[in-house]
Amino acid sequence: MAEREDWALFRSVEGLEQKAGVPEGRLRRLVMKEIADNALDAGARMTWGFVLDCEDLHFIDDNGPGLDGTPEEIASLFSIRRPMRSSKLLRLPQRGALGNGLRVVAGAVLASEGSLAVITRNKRIELCPKADGSTAVVSVTAVARPVGTRIEIGLGPALPREDDPFAWVLAAAQIASEGKRYEGKSSPFWYDPAQFHELILAHGSQPLRGLVAQLDGCTGGKAGEIVTAAGLDRMSCDSINRRQATTLLQIARQHARRVSPERLGSVGRDAYADHSYAIERGRALLGSAKPQADIPFVAEVWARKTGDKGGIRISMLVNRTPVTSHLTAYRDSDKDICISGCGVNHGFEDTPTKGAYSIVVNVTTPYCPITSDGKAPSLKPFVDTIGVVLSTATKKAQRAAPKRKRLSIKQVMLGHLDAVIAEVSDDGEYRFNPRQLLYRLRPIITNEIGQELTTPNFNGILSDYEREHGEIPGMYREPRGSIYHPHREETITLGTLMVEDYERPEWLYNKVVYIEK
Ligand SMILES: Nc1ncnc2c1ncn2[C@@H]1O[C@H](COP(=O)(O)OP(=O)(O)O)[C@@H](O)[C@H]1O
Ligand SMILES: [Mg+2]
């Protein structure tokens, strides 16, 4: 007989697909999203891109609180063997929660023989995830980087390259700072006894009172009163049984007030200003034991009619981060808009029966049931409310749709080109390459006219533009081919930046052999 630890699944591409619930072609995107979710959960501003213009070497940078601990402790955070450790087990409307994110990141590096560096608190820590499930510290160097966290991650060919590995990062970043957020603590109304017991046990030998003090309405001296009233003075979390947890939950609830869905805040209509907007709030009773968890939630939908013909494009977010499991929207035989995936397969009556729409849905909730390790959320508890908002938003979008002529991809791209150049170059400060433009323009175009900007089409439009207006200042193209100086035995790759730096050696040669493969 042979046996395997469950973390062994993080070791291979196939296992990661299973653990994370996404196909291999989406794993790069998922890894970047996990890193970005952590940065955004930390309330930080974030930047991202490729290091040294290499498409396998990515960075995500934030100005948050940074990572606590010694290099060894940080290494263990990035190890696939660690228990699901998280500072976010308390239910809150935030992105992480399972403590699985960094295990996926480490697994992807291991499975693809990539590289990993964490830069935080003035240290650059190079890490190496190992097949035995641990992660080794390869080196620690001093760097001038006091604020925030920067992750540099290299991924190997075992993880197939994809169109835009930062697509989900961008989607999350775009709405991260919109609207209002919940500023309060986790409420005792958000747990049923079974889940509350799990929460307590996950805190191991920590004093029970300290955990209770982190709950809404239970801070300071009240935590002591509550623990005493439950007859659990000086107990540690790991010694609590289910019955005691239930009593404690009931007493904690007497000290707290239910959190109204209004208090959760909202993303707001401005997040997608060119879309029509609707919002609806609700409550869901969840959990297997009584008293059930009383979960407030907010459903928001932004919709835009993108054409008279064509399909429905939907992107689904929970707590401002994209849902990674597959979700599709289509029209059923009655022409109603339907959503399939994330535990629902539901047709929404009272939606426009023709026309192409681009739809964004966000649900804000301190707790969304999850159907797999990959955080595939189950939207079932929210689906009726989503239906109401979807109907309102799409009907508004139908009325708002201008009856003007359709714009071409080229028109939309050129209309946005200057703004996107200003964005990627930080108003002319930095150099940039065409791919950065492509990745920013693509979602804009899909959003406006529901069409995909392909790489060849983009290159064609860009070349035409430069032919007409001259070279775009600050843009460089990557090396294609190389020049070899036999006298110096030196090979120089040929890209914009190298050509700019090139100085012709004096009187060394007067002939060039040109070979095109
Ligand atoms: N960029 C960051 N800034 C601050 N803390 C972070 C950052 N990235 C990770 N962490 C910490 O590492 C923990 C584990 O992260 P992760 O494995 O993604 O699980 P989760 O996000 O579900 O808690 C987080 O709970 C957080 O405390
Ligand atoms: Mg996370």
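Only the coordinates and a few stated rules stand behind these numbers; no lab work does. The shown structure was predicted, so the numbers you read here are calculated from the model rather than taken from an experiment. Here the Cβ positions follow ideal geometry from the backbone for every residue, glycine too, while neighbour counts run over all protein chains shown.
Tell me the mean residue ellipticity at 222 nm calculated for the chain from its helices only (DSSP H runs of n ≥ 4, each -39500 (n - 2.57), averaged over every residue, nearest 500).
-9500 deg cm²/dmol
Exactly which GluC sites (Glu not before Pro) in the range 182-261 are in a DSSP loop and have at most 16 other Cβ atoms within 10 Å?
Passing both the DSSP loop test and the Cβ count: Glu183.
In a Debye calculation with equal point scatterers on the alpha-carbon sites of the range 363-517 and no solvent, what is log10 I(q)/I(0) at q = 0.17 Å⁻¹?
Calculated log10 I(q)/I(0) at the listed q: -1.09.
Taking 0.36 nm per residue of sequence separation and subtracting the Cα-Cα distance, how much length would be gained by fully extending the chain between Thr353 and Met498, in nm to one decimal?
46.7 nm
Dimensions of the range 289-403 along principal axes (Cα, Å, largest first)?
Principal-axis extents of the range 289-403 (Cα, largest first): 52, 26, 23 Å.
What angle do you read, to the nearest 10 degrees and between 0 and 90, between the alpha-carbon axis of helix 383-400 and the longest principal axis of the chain?
40 degrees
Hey, could you grab the Kirkwood Rh for the range 21-66? Inverse mean 1/r over distinct alpha carbon pairs, Å, one decimal.
11.4 Å
Kindly state, to the nearest 0.05, the FRET efficiency for His469 paired with Asn63, given R0 = 30 Å and r defined as their beta-carbon distance.
The value I calculate is 0.25.
Once Lys and Arg get +1 and Asp and Glu get -1 on their Cβ, which of Ala176, Phe59, Ala289 lies farthest toward the positive end of the dipole of the chain?
Ala289
In the neighborhood of Arg269, defined by Cβ-to-Cβ distances under 12 Å, what is the net charge if each Lys or Arg adds +1 and each Asp or Glu adds -1?
Here the charged neighbours net out to -3.
Taking loop as defined by DSSP and a crowding limit of 16 other beta carbons within 10 Å, which GluC sites (Glu not before Pro) in the range 22-82 fit?
Counting only loop positions with at most 16 other Cβ atoms within 10 Å, the GluC sites (Glu not before Pro) in the range 22-82 are Glu55.
Which value, in debye to the nearest 20, gives the size of the charge dipole of the range 1-141 about its Cα centre, when Lys and Arg are +1 and Asp and Glu are -1 at the Cβ?
Roughly 440 debye, rounded to the nearest 20.
Exactly which GluC sites (Glu not before Pro) in the range 413-517 are in a DSSP loop and have at most 14 other Cβ atoms within 10 Å?
Hits after loop and neighbour filter: Glu429, Glu452, Glu471, Glu489, Glu503, Glu506, Glu516.
Step through the residues of the range 182-190 one at a time and calculate ³J(HN,Hα) from phi using the Karplus curve (6.51 cos²θ - 1.76 cosθ + 1.60, θ = phi - 60°), rounding each to whole Hz and writing x for Gly and Pro.
Values per residue, Gly and Pro as x: 6, 9, x, 9, 5, 8, x, 6, 8 Hz.
Can you compute the charge dipole magnitude of the range 265-396 about its Cα centre, using +1 on each Lys and Arg Cβ and -1 on each Asp and Glu Cβ, nothing else charged? Give it in debye, rounded to the nearest 20.
The calculation lands at about 180 debye.
Taking the simple approach of a point 7 Å from Cα along Cα-to-Cβ for both Glu178 and Ser408, what is their distance in nm?
3.1 nm
On the first, second and third principal axes, largest extent first, how far apart are the outermost C-alpha atoms of the range 6-177 in Å?
Here the Cα extents, ordered largest to smallest, are 39, 37, 35 Å.
Label points 7 Å out from Cα along the Cβ direction at Arg331 and Arg263: separation in nm?
In this crude label model, Arg331 to Arg263 measures out at 4.4 nm.
With only alpha-carbon atoms counted, please give the Rg and Dmax of the range 409-469, in Å.
Both quantities, over Cα of the range 409-469: 11.1, 32 Å.
Would you compute the Debye intensity of the range 70-149 from its alpha-carbon atoms alone, equal scatterers and no solvent, and pass along log10 I(q)/I(0) at q = 0.26 Å⁻¹ to two decimals?
-1.19
Name the long-range amide H neighbours of Ala136: under 5 Å, sequence gap of 5 or more, or other chain; modelled H, no Pro or chain starts.
Excluding prolines and chain starts, which carry no amide H, the hits are Cys128, Lys130.
Pairs of alpha-carbon atoms within less than 8 angstrom and 6+ residues apart define the contacts here; what relative contact order does the range 6-177 have, in percent?
Relative contact order here is 30 percent.
Count the net charge of all other residues whose Cβ sits under 12 Å from the Cβ of Ala422, scoring Lys and Arg as +1 and Asp and Glu as -1.
Combined, the nearby Lys, Arg, Asp and Glu give -4.
Starting with the fewest neighbours, write out Val147, Val363, Val513 ranked by other beta-carbon atoms found within 10 Å of each beta-carbon.
Val513, Val147, Val363
Report the charge-dipole magnitude of the chain in Debye, nearest 20, computed about the Cα centre from +1 at each Lys and Arg Cβ and -1 at each Asp and Glu Cβ.
Using only the charged Cβ atoms, the result is roughly 1820 debye.
Suppose each label sits 7 Å from its Cα in the direction of the beta carbon; what would the Ala419-Arg242 distance come out to in nanometres?
Inter-label distance under the simple model: 5.6 nm.
Per residue of the range 317-332, what does 6.51 cos²θ - 1.76 cosθ + 1.60 with θ = phi - 60° give for ³J(HN,Hα)? Whole Hz please, x for Gly and Pro, Karplus curve as stated.
For the range 317-332, the Karplus-derived couplings read 10, 10, 6, 6, 9, x, 6, 8, 7, 5, 9, 10, 10, 7, 9, 7 Hz, x marking Gly and Pro.
Rg and Dmax in Å for the chain, alpha carbons only: what are they?
Gyration radius and largest Cα-Cα distance of the chain: 26.2, 93 Å.
When only C-alpha pairs under 8 Å and at least 6 residues apart count, what is the relative contact order of the range 188-258, in percent?
Value for the range 188-258: 44 percent.
Given DSSP loops and a limit of at most 11 other Cβ atoms within 10 Å, what is the longest stretch of the chain that contains no such chymotrypsin sites (Phe, Trp or Tyr not before Pro)?
Here the longest segment lacking exposed loop sites spans 1-429.
Net charge near Ser115: determine it from the other residues with C-beta under 12 Å of the C-beta of Ser115, scoring Lys and Arg +1 and Asp and Glu -1.
-4
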